[in-house]
1. What about A52, is it within 30 Å of A26 (Cα to Cα) and more than 36 Å from the chain's Cα centre (by Cα)?
2. Please name all residue pairs, on different chains or six or more residues apart, with Cβ atoms under 8 Å, provided the first residue is in region 79-103 and is over 30 Å from D67 (Cβ atoms) and the second residue is of a type in the set (S, T, N, Q) and part of a helix (DSSP H, G or I).
3. Can you pull out every residue in region 24-51 that is part of a helix (DSSP H, G or I), surrounded by 11 or more Cβ atoms within 10 Å (Cβ to Cβ) and small (G, A, S)?
4. Going residue by residue through region 72-82, is there one that turns out to be assigned to a helix (DSSP H, G or I) and of a type in the set (G, A, S)?
5. Return the residues of region 58-72 that are closer than 20 Å to Q83 by Cα and surrounded by 12 or more Cβ atoms within 10 Å (Cβ to Cβ); say none if nothing qualifies.
Amino acid sequence: MADRLDQPRSTRRTIIPRPRREEDAAGRLSESIARFLGTPTFIIWLTIFCVAWIAWNSWGPEGLRFDKASQGFTALTLMLSLQASYAAPLILLAQNRQTDRDRVQYEQDRQRAERNLADTEFLAREMASLRIALSEVATRDFVRSELRNLMEEMREDRDEPDDEAERDS
């Protein structure tokens, strides 16, 4: 990541420079491990490992066995306990990160829903105002009827002077 420009550089010099690491690298690593621990591939490989361990230490050459079956495969038990003791916190860390992402997503969804509601209310008000405005606007039928009335009045006015001229003569 680039140096921040809004903060001064550190004036302290060291002989051995500190390695720069990404702030979220540990979280991403723990999530990838937790994802792998939850896959069938991991279960299959762990099962193969345990079966091979038990088979070797049960039926392998006597001098090359390193975990006695008579002692209950103590080393295997310790290894599996160690694996579980690391897996549990990694899974919890991954769940916490997912919870944080979900919280951000829920907040964004809530804000989006509020904007949609505000937009819908605005559009409803606009449609209501348009309906009110349209009720005051002359419709096509109304204009036609008014034009017909005017034309009839003009005909009557035009016909009336002819009638008066005939009466006068």
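1. Working: within 30 Å of A26 (Cα to Cα): no; more than 36 Å from the chain's Cα centre (by Cα): yes.
Answer is no for this residue.
2. L93/S30; A94/S30; R97/S30
3. A26, G27, S30, S32, A34
4. Scanning region 72-82, I find at least one residue that is assigned to a helix (DSSP H, G or I) and of a type in the set (G, A, S), so the answer is yes.
5. The one that is closer than 20 Å to Q83 by Cα and surrounded by 12 or more Cβ atoms within 10 Å (Cβ to Cβ): D67.
Each value in this text was obtained by applying a stated rule to the coordinates, not by laboratory testing. Here the structure is a predicted model, which means the values were calculated and not measured. Note that we place each Cβ from the backbone using ideal geometry, even for glycine, and neighbour counts take in every protein chain shown.
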